[in-house]
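Written out below as structure tokens is the structure these notes cover.
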Amino acid sequence: ADTAYIVTELEAPLYRGRRQRTIHLSGEQAQFVFTNSKLPSLHLYKESADGTPCGVTYRLAKIEDGSRYLDRTTSSTGEICWEGLEPGVYSVRELSSVQDNPGDTEHHVELFPGQTSTITLTNDKRPNLYIHKTDADTGEPIEHTVYLVKGADGHSIAEVETDGNGVAVVENLLPGVVEIIEKSVPEPYLLAEESQMVTLLPNRDRDVYFQNYKRPTIEIIK
């Protein structure tokens with residue numbers, strides 16, 4: 001007599017395939033092969049523009065079902081690996097990043113059965129601004145000079161003071177045009193009357209130089 005059996009695949013980690021088959025036996029041995037496709041994986045590598053890995057948290061979500069997501073943070077080598085994903089188009093959204101490496105917030109990637117996809121993301125590094133202050137006659141550094149750094153739209157970004165080397169630093173600036181204004185200078189130097197406008201570019205620090213003269217002295221010989 002012909003007897004029918006239902007064979008159900010209960011578990012196949014990281015694989016996707018036909019889960020159930022009906023087998024008809026009529027007194028003879030029968031052999032059936034279950035063929036599964038491996039679920040795709042996504043390998044992400046994140047680095048800053050200078051090639052160093054940076055710690056970033058990403059949210060992976062399937063486009064057709066954005067409410068389901070997987071958050072992961074890059075390892076010490078700047079890597080994330082999501083395994084056992086369903087095929088489809090995914091959104092990779094940057095949730096947080098080290099402060100000086102802002103990057104694009106979202107990328108799309110399509111995953112196919114049996115394949116591992118790789119995405120490499122690079123962030124530009126925010127520039128630093130170095131303000132140098134020296135004596136116009138001797139070239140010696142001048143400390144305790146205060147500068148105001150403003151954006152092109154006039155908003156204040158930072159107020160800094162030169163150190164013993166005559167240098168003031170403003171770190172982690174957004175690329176764009178900034179204005180450097182000298183607010184105060186120690187005696188006996190004259191305050192710089194003109195400010196300087198400079199353009200800051202990604203991945204490139206900028207140096208700005210100010211030179212000041214001492215106030216003139218009058219010697220009275222009697």
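Quick notes on this one:
- Some residue of the range 153-175 being more than 32 Å from the chain's Cα centre (by Cα) and of a type in the set (Val, Ile, Thr): no
- Within the range 34-71, the set of residues being closer than 30 Å to ARG204 by Cα and either at pLDDT 90 or above or outside any loop (DSSP other than H, G, I, E, B) (or both) comprises HIS43, LEU44, TYR45, LYS46, GLU47, SER48, PRO53, VAL56, THR57, TYR58, ARG59.
- Close pairs from the range 163-179: first touching a residue at least 24 places away in the same chain (Cβ under 8 Å) and loosely packed, with under 13 Cβ neighbours inside 10 Å, partner among the charged types (D, E, K, R) and outside any loop (DSSP other than H, G, I, E, B), Cβ under 9 Å, at least 6 apart: none
- The residue of the range 113-141 that is nearest to THR52 (Cα to Cα), among those that are open to solvent by 70 Å² or more (accessible area, probe 1.4 Å) and either in contact with a Leu (Cβ under 6 Å, 6 or more places away or on another chain) or not charged (D, E, K, R) (or both), is THR122.
- In the set (1) assigned to a loop (DSSP other than H, G, I, E, B); (2) basic (Lys, Arg); (3) within 30 Å of LYS38 (Cα to Cα), the condition left unmet by ARG93 is number (1).
- Extreme residue, surrounded by the fewest Cβ atoms within 10 Å (Cβ to Cβ), among residues of the range 180-217 that are more than 22 Å from the chain's Cα centre (by Cα) and of a type in the set (S, T, N, Q): THR217
- Within the range 186-205, the residues that satisfy the criterion of being under 27 Å from LEU174 (Cα atoms) and not acidic (Asp, Glu) are ALA192, SER195, GLN196, MET197, VAL198, THR199, LEU200, LEU201, PRO202, ASN203, ARG204.
- Selection of the range 103-127 for residues being among the small types (Gly, Ala, Ser) and part of a strand (DSSP E or B) yields only SER117.
The values are calculated or read from the model by the stated rules, or taken from the named source; none is laboratory data. Note that this is a predicted model, so its numbers are computed, not measured. With ideal geometry, Cβ positions are generated from the backbone for all residues, glycine too; neighbour counts draw on all protein chains shown. Accessible surface areas use protein heavy atoms only, side chains included; no ligands, DNA or RNA. Shrake-Rupley method; radii C 1.70, N 1.55, O 1.52, S 1.80 Å.
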